[in-house]
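The values are calculated or read from the model by the stated rules, or taken from the named source; none is laboratory data. No experiment lies behind these values; they were computed from the predicted model shown. FYI the Cβ positions are ideal-geometry reconstructions off the backbone, even for glycines, and counts take in every protein chain you see. SASA here: full protein model, heavy atoms, side chains in, ligands and nucleic acids out. Shrake-Rupley method; radii C 1.70, N 1.55, O 1.52, S 1.80 Å.
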Amino acid sequence: MPLSTSRRLALLTSASLALLAGCGSSSDSPDAENASAKVPVVASTNVYGDIVRSIGADKVDVTSVISDPDQDPHSYEADTHNQLVLSKAKVVVENGGGYDDFVDRMLKSGHNDSAQVINAVEVSGKTAPKGGELNEHVWYDFPTVARVADRISAALAKADPADAAAFRKNATAFKAKLTPLEAKEAQIKKEHGGEGVAITEPVPLYMTEASGLVDKTPPAFSEAIEEGDDVSPRILQENLALFNGKKVKVLVYNEQTSGPQTEKTEAAAKTAGIPVVPVTETLPKGKDYLGWMTANVDALASALAK
Ligand SMILES: [Zn+2]
């Protein structure tokens, strides 16, 4: 009797897992040698990977799956190597909200049901607005990131009780550095609350909302860009009209999901003399989370001050 597809898939997955096991994991940390003494953690993106490292320090062996600054994370395709590291992880940090569904899928197919999984969207408690879509980019929401930091500290403490105090201390120190960012957003809100902002994709919205700015972008535009779909000519015109009519003070531009229609939008902003603030979904090269977000908030503040 020929083997069923799922049976063949199960055999293939375990065969490729066995094959890859021989290759050893390539985590973010170079010294794989004493990696075994560390808590193996998988983060779906290098944003969460960096936050885990801030809390776990040299007690964790972190693998970040999505980390290419030049690639659109929404179209990321996971591979058998990701499957391997997920099958061995003790702690997993995923974004959720449809952003990285491969994580749960691969944990299941890799038969790893003992990993502690932290889902940032669940931790955020955010849901879709009536008639709208959930903005799953919760790592731009500092109160959520603080709660995720606590969850990471608790999960690491469970995996490595001997270092629980260090994890708690690191999480407290990390959260303390988020406070000035929230203060900067409050300052922007005081000075520019109610002013209009345009975006190319929903990624910066929790930051602009916390800064009191009003998103004027047609949702059909930013959601289409997020999905990698084309925008209708009518919606594109509606979007470009935001700049000609100076309805917005700044354009926040997602460099990782750009294309001809976002480039037209950027050109319209520049022609109208409206400042453009570039943002990304994952960590820019050489930056950690706190440095990156500090630069984002500062760039927004100085663009609005122009
Ligand atoms: Zn996005």
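Quick one: which residue in V117, V85, V121 is closer than 17 Å to P73 by Cβ and aliphatic (A, V, I, L, M)? Outline the logic, then answer.
Numbers: V117 fails: closer than 17 Å to P73 by Cβ; V85 fails: closer than 17 Å to P73 by Cβ.
Only one candidate passes the filter, namely V121.
Just a yes or no: is a residue in the range 265-276 within 22 Å of the chain's Cα centre (by Cα) and closer than 23 Å to Y76 by Cβ? Explain how you work it out, then say what you get.
Of all residues in the range 265-276, those within 22 Å of the chain's Cα centre (by Cα) come to 276.
Still in the running and closer than 23 Å to Y76 by Cβ: none.
Taking every residue of the range 265-276 in turn, none turns out to be within 22 Å of the chain's Cα centre (by Cα) and closer than 23 Å to Y76 by Cβ.
Criterion first (within 16 Å of the ligand (Cβ to nearest atom) and of a type in the set (A, V, I, L, M)) does L181 satisfy it?
no
What is the one condition in (1) in contact with a Cys (Cβ under 9 Å, 6 or more places away or on another chain); (2) within 16 Å of the ligand (Cβ to nearest atom) that L84 does not satisfy?
(2)
Out of the residues in the range 206-226 meeting the condition of being open to solvent by less than 20 Å² (accessible area, probe 1.4 Å) and assigned to a loop (DSSP other than H, G, I, E, B), tell me which one is nearest to the ligand (Cβ to nearest atom).
Among those residues, the one meeting the criterion is T217.
Return yes or no: is V123 out of contact with any strand residue (DSSP E or B) (no Cβ under 7 Å at 6 or more places or on another chain), more than 16 Å from the ligand (Cβ to nearest atom) and of a type in the set (A, V, I, L, M, F, W, C)?
yes
Name the residue that is surrounded by the fewest Cβ atoms within 10 Å (Cβ to Cβ), counting only residues in the range 102-114 that are touching a Leu at 6+ places or on another chain (Cβ under 8 Å) and without any contact (Cβ under 8 Å) to a residue 60 or more places away in the chain.
Here the answer is D113.
Any idea which of K287, K270 is outside any helix (DSSP H, G or I) and open to solvent by 60 Å² or more (accessible area, probe 1.4 Å)? Spell out how you get there, then give the answer.
Numbers: K270 fails: outside any helix (DSSP H, G or I).
Criteria check complete, one pass: K287.
So which of A159, A146, A166, A155 ends up being open to solvent by 10 Å² or more (accessible area, probe 1.4 Å), assigned by TED's automatic domain parsing to the domain that holds G56, touching a strand residue (DSSP E or B) at 6+ places or on another chain (Cβ under 9 Å) and modelled with pLDDT of 95 or more?
A159
Kindly indicate the residue of the range 227-267 that is within 16 Å of the ligand (Cβ to nearest atom) and open to solvent by 50 Å² or more (accessible area, probe 1.4 Å) and also nearest to E136 (Cα to Cα) among those meeting that condition.
This residue is E227.
Identify the single condition in (1) within 16 Å of the ligand (Cβ to nearest atom); (2) more than 21 Å from the chain's Cα centre (by Cα) that S114 does not satisfy, given that it satisfies every other one.
(1)
In this structure, is E133 open to solvent by less than 10 Å² (accessible area, probe 1.4 Å) and either within 16 Å of the ligand (Cβ to nearest atom) or assigned by TED's automatic domain parsing to the domain that holds K184 (or both)? Spell out how you get there, then give the answer.
On the way: open to solvent by less than 10 Å² (accessible area, probe 1.4 Å): no; either within 16 Å of the ligand (Cβ to nearest atom) or assigned by TED's automatic domain parsing to the domain that holds K184 (or both): yes.
Here the answer is no, as E133 does not meet what is asked.
For the structure I just gave you, tell me whether A171 is buried (at least 19 other Cβ atoms within 10 Å of the Cβ) and not β-branched (V, I, T).
yes
Any residue at all in the range 31-44 that's open to solvent by less than 50 Å² (accessible area, probe 1.4 Å) and acidic (D, E)? Outline the logic, then answer.
Quick first cut of the range 31-44, residues open to solvent by less than 50 Å² (accessible area, probe 1.4 Å) only: 35, 38-44.
Still in the running and acidic (D, E): none.
The answer is no, given that none of the residues of the range 31-44 is open to solvent by less than 50 Å² (accessible area, probe 1.4 Å) and acidic (D, E).
Quick check, is V203 crowded, with 22+ Cβ neighbours inside 10 Å and either within 17 Å of the chain's Cα centre (by Cα) or modelled with pLDDT of 95 or more (or both)?
Values: crowded, with 22+ Cβ neighbours inside 10 Å: yes; either within 17 Å of the chain's Cα centre (by Cα) or modelled with pLDDT of 95 or more (or both): yes.
In short, yes.
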